[in-house]
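A.B. asks: Have a look at this one before I ask anything.
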Amino acid sequence: MPVSQYVRSLRERIGSSYLLLPGVTAVIRDDDRFLLARQRDSGRWSLIGGGIEPGEDPPAALLREVREELGVGSDVIRIIGAYGGTTLDNVSPTATKLGT
């Protein structure tokens, strides 16, 4: 996944210190079927989503991510929840710890 200019500039300032990155994920379904996207770099299947840009609200970020990744417009029907904490921490390919 490409790193945004925003995250790149933060990394230049704080190095590999722990970084919280808010993000959004779309759950797109048709009855009991869910739409997944295949990641180019790893080949893994995942829900559609990505980071929230500075000044962007979560619903707008979600619509942007769906448009960028699928090339289609959509509507936000409802927000299911907000999640975070250490269970969602991960380590990036550059070995820096990220949180949501």
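A.B. asks: Is it the case that the range 70-80 has a residue that's modelled with pLDDT of 90 or more, β-branched (Val, Ile, Thr) and surrounded by 13 or more Cβ atoms within 10 Å (Cβ to Cβ)?
C.D. replies: Checking the range 70-80: not a single residue is modelled with pLDDT of 90 or more, β-branched (Val, Ile, Thr) and surrounded by 13 or more Cβ atoms within 10 Å (Cβ to Cβ).
A.B. asks: Among all residue pairs at least 6 apart or on different chains, which show Cβ distances below 8 Å where the first residue, located in the range 1-23, is over 11 Å from Glu53 (Cβ atoms) and touching a residue at least 40 places away in the same chain (Cβ under 8 Å) and the second is of a type outside the set (Ser, Thr, Tyr) and in a loop (DSSP other than H, G, I, E, B)?
C.D. replies: So the pair list comes out as Met1/Gln39; Met1/Asp41; Arg11/Val3; Ser16/Ala95.
A.B. asks: Another question, if that's okay. What do you reckon, is Val72 touching a helix residue (DSSP H, G or I) at 6+ places or on another chain (Cβ under 6 Å) and in a loop (DSSP other than H, G, I, E, B)?
C.D. replies: When the stated conditions are applied, Val72 does not pass them.
A.B. asks: Can you give me the number of residues within the range 4-47 that are within 21 Å of Tyr83 (Cβ to Cβ), part of a strand (DSSP E or B) and either of a type in the set (Lys, Arg) or at pLDDT 90 or above (or both)?
C.D. replies: 9
The values are calculated or read from the model by the stated rules, or taken from the named source; none is laboratory data. In this text the structure is predicted, and so the values were computed from the model without any measurement. Heads up, the Cβs are rebuilt from the backbone with ideal geometry, glycines too, and the neighbour counts pull from every protein chain shown.
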